[in-house]
Structure formats: C-alpha cells, structure tokens
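J.: A single structure is presented below for examination.
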Amino acid sequence: MEQGGSGYRIEIAPNNRAKCKGSLCGRSKILAGTVRFGTFVDSGRFQSWAWKHWGCVTPRMLKNIKNRLGEDDIVNSLDGITALSQEWIDKVVDAINEGHVSESDERESRKLGEKMNVNSQKLKTSSPPKVVRKNKRHHTTVKSVLSDSDLDAEFTDGSEAYEDD
C-alpha cells in the first residue's frame, strides 16, 4: 500500500467526477470543493480510492480508522488532513474520537439523497410489461411478464399462409 499510506485519505474534492460509495446520499456525485473521505482499494489488477461524502462516513469506518491510526496522532497519520482548514481538522478528529460524524454533516448527505430521489423518480405505468415472441409458424405471442405459463398468453393472427413451391 505504498500510495495509500494509512489506507485512508481526506481532502477537498478537486472536481465533480467521483461518485459517493455511501448509501446515505443515494450514491450522488461528490461536488468540487466539498470534503470527501477516501479508502484505498487494491484489487490486484488496479489500485484506486473509494470516495464518500464526509457525512456518509459510517461509525464502523471511524472505529477502523481509530484502531489503525491510533488516538494519539491522528493529524499526522491521516493523509491529506493537514491541507484542510483548522475547523475541518477539529471536526474530523472529534468524529474519529467520538465514533460518529456530526448530525449536521449527516443531514447534508441526506439532503443530497433526497434531491437525487426526487429527480430520478420514474412515472409508473398502469399495465405490466409484456414480452412479444414469435413461434415457429410466425404467430406473434404476447405474454405478460407476470404470468407463469403459456396458457395465459394471447395469440394474434399475424401468420401468413405458406405458398407451396
């Protein structure tokens, strides 16, 4: 883990490309200028960071950070923390020591999730989807996806008579 150091990193997002891996925000994009928290991922084929909004960091993650880095010198052990403002450094250290992020940060992440849910709602259709198949004689079979057997299928007379050659 030469690039990852401790395996955890906190920083201000430089762009809008990363998506949050947390579920609190609905996996929305992490906007440029917001604080994000990363976990180093080494899959064998590639090495990367899995990013989350600061408000999406779970108590279990904070416990693992505390166990790996220790309580004494979090500021010098956590990658990227020294680039943050003193207010954010205090916030992060308090969260690691308490075992959870502040309620206001969680609320911000929930708001992002609510915005995403409102924007991505799809209109519900009144009828279930149907599957259309053709059998060997070119009859079109229209069958509800929800039906269990071919007995429920509706047949349409779309076949043409074969000409004898």
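The values are calculated or read from the model by the stated rules, or taken from the named source; none is laboratory data. Source: prediction; values computed, not measured. Every residue, glycine as well, gets a Cβ built from its backbone with ideal geometry; the counts of neighbours run over all protein chains shown.
Matching residues to (1) modelled with pLDDT under 60; (2) loosely packed, with under 11 Cβ neighbours inside 10 Å; (3) of a type in the set (Lys, Arg); (4) assigned by TED's automatic domain parsing to the domain that holds LEU69:
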residue: SER85; (1), (2), (3), (4): no, yes, no, yes
residue: ASP90; (1), (2), (3), (4): no, no, no, yes
residue: SER109; (1), (2), (3), (4): no, no, no, yes
residue: VAL132; (1), (2), (3), (4): no, yes, no, no
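J.: Looking at ALA95, ALA32, which one is in contact (Cβ under 8 Å) with a residue 12 or more places away in the chain and surrounded by fewer than 18 Cβ atoms within 10 Å (Cβ to Cβ)? Walk me through it before giving the result.
T.: Working: ALA95 fails: surrounded by fewer than 18 Cβ atoms within 10 Å (Cβ to Cβ).
Going through ALA95, ALA32 in turn, just one is in contact (Cβ under 8 Å) with a residue 12 or more places away in the chain and surrounded by fewer than 18 Cβ atoms within 10 Å (Cβ to Cβ): ALA32.
J.: Something else: Of all residues in segment 44-91, count the ones that are closer than 23 Å to ILE30 by Cα, part of a loop (DSSP other than H, G, I, E, B) and not aliphatic (A, V, I, L, M).
T.: 4
J.: Hey, any hits in segment 3-23 for a residue that's under 22 Å from SER104 (Cα atoms), assigned to a strand (DSSP E or B), in contact with a Cys (Cβ under 9 Å, 6 or more places away or on another chain) and not charged (D, E, K, R)?
T.: Checked against the condition, which is being under 22 Å from SER104 (Cα atoms), assigned to a strand (DSSP E or B), in contact with a Cys (Cβ under 9 Å, 6 or more places away or on another chain) and not charged (D, E, K, R), segment 3-23 yields no hits at all.
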